[in-house]
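The values are calculated or read from the model by the stated rules, or taken from the named source; none is laboratory data. Model, not experiment: these values are computed from the prediction. For neighbour counting, all protein chains shown are included, and Cβ atoms are generated from backbone atoms with ideal geometry for every residue, glycine included.
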Amino acid sequence: MRLSIQARNMSVTPAITKRIEKKTETMGKYLYPETEMQVRLKKEKDDRRIVEITVPMGKNVILRSESSADDNLFLAIDKALAKMERQIRKHRTKLAKNLREEAFTEVPEYIEEEDLGQEEERKIVRRKTFPVRPMSVEDAIIEMELLGHNFFVFVNIDTERTNVLYLRKDGDLGLLEPEA
C-alpha cells in the first residue's frame, strides 16, 4: 500500500506522518500493494482540523472517510482511519461473500431485456424494538453520547411528540420534529 499525505493551511510534521503510517499498517493486509491511500489534512479558520481519506479499490469503488476535531489533529486522524478500516473490512468481506456465492452458479448465455436496468431492492435485514420514553432534548443528547450512536429516537417531554436527534457531519447536532 502506498501512502500519500497532503496538507492545506498547515505543515505535515514527522510526528503526523509517523502516526498515520503506524495506524495504516494493519490496513495493508486488506489492500493490494499497489493501492494508494490519499490522506488530506486541512486546518480551517476556526482551528477545526479536518482529515479526509480516499482509497480507490478497483474499477468503480472508491472508499472515503472524513473526520474533524476542534484543535486536535491526532483525534481527527484516529477517527478517520478507524472509519476507513471499517469500510475496507466491510468491502473485502462483501467481495469474499460474493465470490463464494457466485462460485457454483451458472453463467447465463443471454440476458433478458427485463433484467437490464433493474437494481437490487434494499431489504430490511434486522428489526429492533426499543422503549421510547419522554425526556428533554438535553437528556436525549446525553443518552445518545452514552450509547455512542449517531442518532437517538425519543419522545420530547415538551411537545409529547416523537423526535429524532442526530449527529451531523460537521460535528453539530440536528433535531427532527414532525408536524401534525
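If the requirement is being surrounded by 14 or more Cβ atoms within 10 Å (Cβ to Cβ), under 18 Å from residue 34 (Cα atoms), in the same structural domain as residue 28 (by TED's automatic domain parsing) and out of contact with any His (no Cβ under 7 Å at 6 or more places or on another chain), which of these qualifies: 62, 77, 88?
That would be 88, the only listed residue that is surrounded by 14 or more Cβ atoms within 10 Å (Cβ to Cβ), under 18 Å from residue 34 (Cα atoms), in the same structural domain as residue 28 (by TED's automatic domain parsing) and out of contact with any His (no Cβ under 7 Å at 6 or more places or on another chain).
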Among (1) touching a Lys or Arg at 6+ places or on another chain (Cβ under 8 Å); (2) within 16 Å of residue 171 (Cβ to Cβ), residue 40 falls short only on (2)
Among 146, 175, 95, the single one that is within 23 Å of the chain's Cα centre (by Cα) and modelled with pLDDT of 90 or more is 175
Filter result for residue 86 (over 14 Å from the mean Cα position of the chain (by Cα), at pLDDT below 90 and in a helix (DSSP H, G or I)): no
Restricting attention to region 25-46, the residues that are surrounded by 14 or more Cβ atoms within 10 Å (Cβ to Cβ) and in a helix (DSSP H, G or I) number exactly 2
Taking region 133-177 and the residues there that are surrounded by 15 or more Cβ atoms within 10 Å (Cβ to Cβ) and of a type in the set (S, T, N, Q), the one that is nearest to residue 66 (Cα to Cα) would be 163
If we ask which residues in region 9-24 are surrounded by 13 or more Cβ atoms within 10 Å (Cβ to Cβ) and over 18 Å from residue 71 (Cβ atoms), their number turns out to be 4
Residue hits (region 149-164; part of a strand (DSSP E or B) and more than 18 Å from the chain's Cα centre (by Cα)) are 153, 154, 155, 156, 162, 163, 164
